[in-house]
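These notes are about the structure you will find just below.
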Amino acid sequence: MRQTRIDEFLELEYHNKELEKRIKEEVAKNREKDKLMFQQSKLASLGEMLGNISHQWRQPLMEINSLFLPIEAKITLGVPLEDNEILQTIDKLNHITKYMSNTIDDFKNFFATDKEKIKFKLLEQINSTVNIISGGLKTHNVKLDIIIKKNPEIIAYKNDYSQVLINIINNAKDVLVQRKIGNPYIKISIYEENKNIITTVEDNAGGVKVNPIEKIFDPFFTYEKMGGSGIGLFMSKLIIEKNMNGKLSVENTSNGAFFKIIIPKI
Ligand SMILES: Nc1ncnc2c1ncn2[C@@H]1O[C@H](COP(=O)(O)OP(=O)(O)O)[C@@H](O)[C@H]1O
Ligand SMILES: [Mg+2]
């Protein structure tokens, strides 16, 4: 009798161990899946970003193209050239290439994966993020307002925060363009509340037409969009809520969608 109880106990113990092992394996598998999704989302935004860079570069490239036209003309016509004129042109050229190189730096920083949390000023990060996407916004005449009540420093994954911001802003732009909204705008506000840093992004595109609205955070959920991947908001939520212990939510206002990112200060 006693022996059977011990046997039963040992068997139970064995099953528990097995179960524990299985759970560990499943958790590891899920982590791998998350990682894969994360890579996919970076690739998806890489495509979007390349589009933005090409917008950003078109203007300076045209400027470079026309920069030497007067000099070329003078040489062709045999008109004497002033040193000063050449120096000024070179100066302009340096200025433009510096701008182009900055764009690339922003772009590169954005795609570097964050290894650890660092302290950074929110406004600086927002500015370099906006710098990356402003070209695409300008092309579509989308007005971007940034309202900062405070310029808080936070300790967080810097590039991940930018990626979330870019996802949300690009989505808003997509919908504004697709629905051909007149006077399109995107408004970003930043403020502090109860030891949290709040970033809100709102637009006047008419809102999310999905019910229940939270579905837009589901993986691969895309709606009303040509070539949408449906990864952007899913990843954004993962980044904010799993990596940063924050919260990402959405609601509709009378004008459009209203996204709210809450990040604890520490
Ligand atoms: N600002 C917005 N206004 C209206 N709908 C939106 C907005 N942002 C996102 N959505 C909806 O949420 C869906 C999911 O977005 P996302 O996860 O980024 O995937 P994707 O952009 O690839 O479709 C979009 O397809 C769109 O229907
Ligand atoms: Mg998207």
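Observations on the structure shown:
- Point-charge dipole on Cβ atoms (K/R +1, D/E -1) for segment 116-264, about Cα centre, debye to 20: 180
- Degrees between helix 158-178 axis and first principal axis of the chain (Cα, 0 to 90, nearest 10): 70
- Normalised Debye scattering of the chain at q = 0.17 Å⁻¹ gives log10 I(q)/I(0) of -1.34, counting only Cα atoms as equal scatterers and leaving out solvent.
- In sequence order, segment 118-126 has phi-based couplings of 9, 7, 8, 7, 4, 4, 4, 5, 5 Hz under the Karplus curve 6.51 cos²θ - 1.76 cosθ + 1.60, θ = phi - 60°, and Gly or Pro positions carry x.
- Cα-based shape type of segment 85-209, given that a ≥ b ≥ c are square roots of the gyration tensor eigenvalues and the cut on a/c is 1.5: oblate
- Axis of helix 2-67 versus longest Cα principal axis of the chain: the two differ by about 10°, to the nearest ten degrees.
- Where only DSSP H runs of four or more residues are counted, the chain gives -20000 deg cm²/dmol as its mean residue ellipticity at 222 nm, each run worth -39500 (n - 2.57).
- Solvent accessible area, Å² - D105, 1.4 Å probe, full protein context: 60
- To put it simply, the accessible area of segment 80-214 at a 1.4 Å probe is 50 percent carbon and sulfur.
- Among I96, I126, I147 the positive-end extreme of the charge dipole of the chain (Cβ point charges): I147
- Helix 83-111 axis, angle to the chain major axis (alpha carbon atoms, nearest 10°): 10
- Cα gyration tensor, segment 223-266 - rounded (a/c under 1.5), prolate or oblate: oblate
- Per residue, the accessible area of segment 155-224 comes to 44 Å² when a 1.4 Å probe rolls over the protein heavy atoms.
- Working note: Karplus 6.51/-1.76/1.60 with θ = phi - 60° gives segment 184-198 the couplings x, 9, 10, 10, 10, 10, 10, 8, 10, 8, 6, 6, 10, 9, 10 Hz, where Gly and Pro are set to x.
The values are calculated or read from the model by the stated rules, or taken from the named source; none is laboratory data. Everything numeric here is computed off the predicted structure, so don't read it as measured data. Virtual Cβ from ideal backbone geometry, glycine too; neighbours counted across all protein chains shown. Surface areas here come from the heavy atoms of the whole protein model, side chains and all, with no ligands, DNA or RNA. Shrake-Rupley method; radii C 1.70, N 1.55, O 1.52, S 1.80 Å.
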